[in-house]
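Okay, structure first, notes after.
The values are calculated or read from the model by the stated rules, or taken from the named source; none is laboratory data. Given the structure is predicted, the values throughout are model-derived calculations rather than measurements. With ideal geometry, Cβ positions are generated from the backbone for all residues, glycine too; neighbour counts draw on all protein chains shown. The protein model used for the area step is the full one, side chains on, heavy atoms only, and it has no ligands, DNA or RNA in it. Shrake-Rupley method; radii C 1.70, N 1.55, O 1.52, S 1.80 Å.
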Amino acid sequence: MIRIEKLHKSYPIGKDSLHVLKGIDLHIKEGEFVSIMGSSGSGKSTLLNIVGLLDVHDEGNYYLNGQLIKDLNEKKAAILRNKFLGFVFQSFNLISYKTALENVALPLYYKGMARKERLKIAQEYLEKVELGPWANHLPNELSGGQKQRVAIARALVTKPKVVLADEPTGALDSTTTDSVMDLLKDINDEGMTVFVITHEEEVAEQTKRVVRLKDGLIISDELTATGKAKTV
Amino acid sequence: MFDLDRWREIFQSINKNRLRSVMSGFTVAFAILLFTLLFGVANGLGNFFKGAFADDAQNAMFVRVWKTSKPYKGLQTGRRVQLKNKDYDYIADEYENKIQYKSSRIYKNFTIKYKNEASSYSVMAVNPDHQYLEKTIINEGRYLNERDLKAKSKVIVIGRLIKKDLFGEKPALGKRVNVNGSSFLIIGIFSDDGGDNEERKAFIPLSTSQAMYGNNDYISQIALGYNPNLSTDAAIAFGNQMERDLRKKLNIHPDDQSALSVRNMAEANKFVGTVMLALFFIITFIGSGTLIAGIIGISNIMIFVIKERTKEFGIRKALGAKPSSIVGMVVQESVLITTIAGYVGLTIGTYILSLIGNSLEEKYFIKDPSVSSEIVIGATFVLIVSGLIAGYLPAKRAANIKPIEALRAD
Ligand SMILES: Nc1ncnc2c1ncn2[C@@H]1O[C@H](COP(=O)(O)OP(=O)(O)O)[C@@H](O)[C@H]1O
Ligand SMILES: [Mg+2]
């Protein structure tokens, strides 16, 4: 599903540049549940953004669903994102003037689906994250955990192949963290590839595979206890 | 092309961000309001200038004579010049192609009497064409015609105010009045835009006057309407040439303004034209200045608005929005706001102008200030285009920011 070879990424800082990813090789197959760990500043978000086509890499190859990602213009990237990818951000990134339902329905609008149909499907996904009754509330009327569940519903509504989550529980307390992780596990059980960044060991343990980053390189890549149990 | 979902997105964005929308709308509305008022007032000034010469026909020319002020060919200064029918015929013949209307004039002051009411009025003996030259408006009956002239009929066309003086509210048409001792039949009653003086006049046939009072072929003035196909400059040249010809014919020094002169509306027209042109440049300058200020205003606000929405655009792009859809959304919103706001400004402006009406004519020479529909359409078009540009440029830039940068914005 995701294949990365010798990936490099630098950020220009003034006249210098900051070399963040220094040759990453990573292969994630369809249906995997992978977490990335690493200290702050190790390049986790950078990697995820490149995978999510929100940013571009400098060197190396990236294949998404077998397609080489190279010289992609914004229009093509938008189509691929809409078709293959769902995003969950640490800061939720809901549109503040839209209701929960409208937020969830938005990716379907960009898919070109008729309003009635997309609202119906969006409602189904809201029920799925147990927020059915909150459909017509604005984001600022929801708690952090609720907002993140709306964001997850929004990420899922297009039935993407890969769900990318950048510290989805970073802003949540432990009980809501658990409910969000349970949701991600359910999604994975349904066959979706889930790729999540975290710096919490408890969160990482609930995934099936942990990739550890340090200074822009992968230092370890192993299955977790759950991962081993499932594969055996 | 009509995309209901897109409009829904736009209305939601406008509605949920009302302050922002009202702010950008206000700038445009204000600019257009100023623009409308300015145009209207300038138009009003123009109307006043045009109106100041509206009493007579736009193409009128008058040949006037008085006493010579220069000796010529052994003739003395102070000689009285007299126009006669043959001069009128000469002009009519010589300049046939250049003349639309022609009439002689004899000025008289007569007492007009009806029953016990009597008063002195200025009575003009004229030809039928005179109606068009003086812009006489017939309210009742008719004006003089060729048959009246041929028959030297004793008929009279009286001004609205003479009728009021002599008849009050009673009918006057078909009645006989006593003019300087002879009985005349009232065949018409007229009004005139030139003011009260013009409506205390009466017209009788030229031939009647010449036969009855002096039995000669003298005339006081010749009034002409030059061919409207002539350009202003050609009409002025025509007037000058006629002036030279007549002076020669009547043995007048070529430069003797006092003895014979031609008053030519073409010259006034040229003056009005120049004033209007100057006015036009001033309006265009200030008007486009106001519009440009409005466009800059809306552009600035759009830049600000788009900056504020960068993160939202990033979210939309992460969810699959193409840059074109974001540009389209912003441009459509911007055009909608500018058009509505512009329309509001225009409506308020025209309303204020209609309130002003003619109230400023006396003091400020502004008559019937208004904006023409071409200006309205033109301004609306400029607005839509400016909304398009104001929205397009910053939106295009915003839509091409990498989504990750847009998402980081706050
Ligand atoms: N747009 C950027 N411009 C410059 N430096 C950046 C940018 N984004 C991230 N960085 C730097 O790159 C490094 C890696 O960042 P990031 O991938 O966000 O780390 P992590 O998510 O692991 O905390 C950090 O040192 C960060 O300061
Ligand atoms: Mg990060």
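Here is how the numbers come out for the structure above:
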{"quantity": "Residue that is surrounded by the most Cβ atoms within 10 Å (Cβ to Cβ), among those in region A:169-219 that are assigned to a loop (DSSP other than H, G, I, E, B), within 16 Å of ligand 2 (Cβ to nearest atom) and not β-branched (Val, Ile, Thr)", "calculated": "A:GLY216"}
{"quantity": "Number of the condition not met by B:LYS86 [criteria: (1) at pLDDT 85 or above; (2) crowded, with 16+ Cβ neighbours inside 10 Å; (3) outside the structural domain of B:ASP368 (by TED's automatic domain parsing); (4) outside any strand (DSSP E or B)]", "calculated": "(2)"}
{"quantity": "Among the residues listed as B:GLY194, B:GLY287, the single one being open to solvent by less than 10 Å² (accessible area, probe 1.4 Å) and either at pLDDT below 85 or in a loop (DSSP other than H, G, I, E, B) (or both)", "calculated": "B:GLY287"}
{"quantity": "Subset tally (residues that are open to solvent by less than 60 Å² (accessible area, probe 1.4 Å) and touching a residue at least 12 places away in the same chain (Cβ under 8 Å)) for region B:358-383", "calculated": "13"}
{"quantity": "Subset of region B:133-149 [surrounded by fewer than 18 Cβ atoms within 10 Å (Cβ to Cβ) and within 15 Å of B:GLN58 (Cβ to Cβ)]", "calculated": "B:LYS135"}
{"quantity": "Conditions (1) open to solvent by less than 40 Å² (accessible area, probe 1.4 Å); (2) farther than 30 Å from B:GLN100 by Cβ; (3) among the acidic types (Asp, Glu): number failed by B:ASP3", "calculated": "(1)"}
{"quantity": "Any hit, region B:299-318, residues being outside any helix (DSSP H, G or I) and within 30 Å of A:PHE84 (Cβ to Cβ)", "calculated": "yes"}
{"quantity": "Test result for B:GLU308, surrounded by fewer than 20 Cβ atoms within 10 Å (Cβ to Cβ) and within 14 Å of chain A (Cβ to nearest Cβ)", "calculated": "yes"}
{"quantity": "Residue in region B:340-348 that is within 14 Å of another protein chain (Cβ to nearest Cβ), part of a helix (DSSP H, G or I) and open to solvent by 60 Å² or more (accessible area, probe 1.4 Å) present", "calculated": "no"}
{"quantity": "Residue count for region B:35-77, restricted to those that are open to solvent by 40 Å² or more (accessible area, probe 1.4 Å) and more than 37 Å from the chain's Cα centre (by Cα)", "calculated": "9"}
{"quantity": "Region A:133-161, subset polar (S, T, N, Q) and more than 13 Å from the chain's Cα centre (by Cα), residue nearest to the other protein chains (Cβ to nearest Cβ)", "calculated": "A:THR158"}
{"quantity": "Residue list for region A:175-202, restricted to those being within 16 Å of ligand 1 (Cβ to nearest atom) and in contact with a helix residue (DSSP H, G or I) (Cβ under 6 Å, 6 or more places away or on another chain)", "calculated": "A:ILE197, A:THR198"}
{"quantity": "Which numbered condition B:MET302 fails, given (1) at pLDDT below 85; (2) farther than 30 Å from B:THR36 by Cβ; (3) buried (at least 17 other Cβ atoms within 10 Å of the Cβ)", "calculated": "(2)"}
{"quantity": "Pairs with Cβ under 6 Å, 6+ apart, first in region A:13-30 and under 18 Å from A:LEU48 (Cβ atoms), second open to solvent by 90 Å² or more (accessible area, probe 1.4 Å) and more than 15 Å from ligand 1 (Cβ to nearest atom)", "calculated": "A:GLY23/A:LYS6; A:HIS27/A:ARG3"}
{"quantity": "Residue match in region A:22-40 (condition: within 14 Å of chain B (Cβ to nearest Cβ), modelled with pLDDT under 95 and within 16 Å of ligand 2 (Cβ to nearest atom))", "calculated": "no"}
{"quantity": "Residues of region B:319-336 that turn out to be part of a helix (DSSP H, G or I) and within 14 Å of chain A (Cβ to nearest Cβ), as a count", "calculated": "8"}
{"quantity": "Leading residue by the ranking (least open to solvent (accessible area, probe 1.4 Å)) among those in region A:65-94 that are closer than 16 Å to B:GLY320 by Cβ and charged (D, E, K, R)", "calculated": "A:ARG81"}
{"quantity": "Selection within region A:9-28 - part of a strand (DSSP E or B) and out of contact with any Leu (no Cβ under 9 Å at 6 or more places or on another chain)", "calculated": "A:ILE13, A:ASP16, A:SER17, A:LEU18, A:HIS19, A:HIS27, A:ILE28"}
{"quantity": "Breaking point among (1) of a type outside the set (Phe, Trp, Tyr); (2) away from ligand 2 (no atom under 16 Å from the Cβ); (3) at negative phi; (4) at pLDDT below 95, for A:LYS159", "calculated": "(3)"}
{"quantity": "Residues (within 12 Å of another protein chain (Cβ to nearest Cβ), more than 16 Å from ligand 1 (Cβ to nearest atom) and not in a helix (DSSP H, G or I)) located in region A:42-85", "calculated": "A:LEU72, A:ASN73, A:LEU85"}
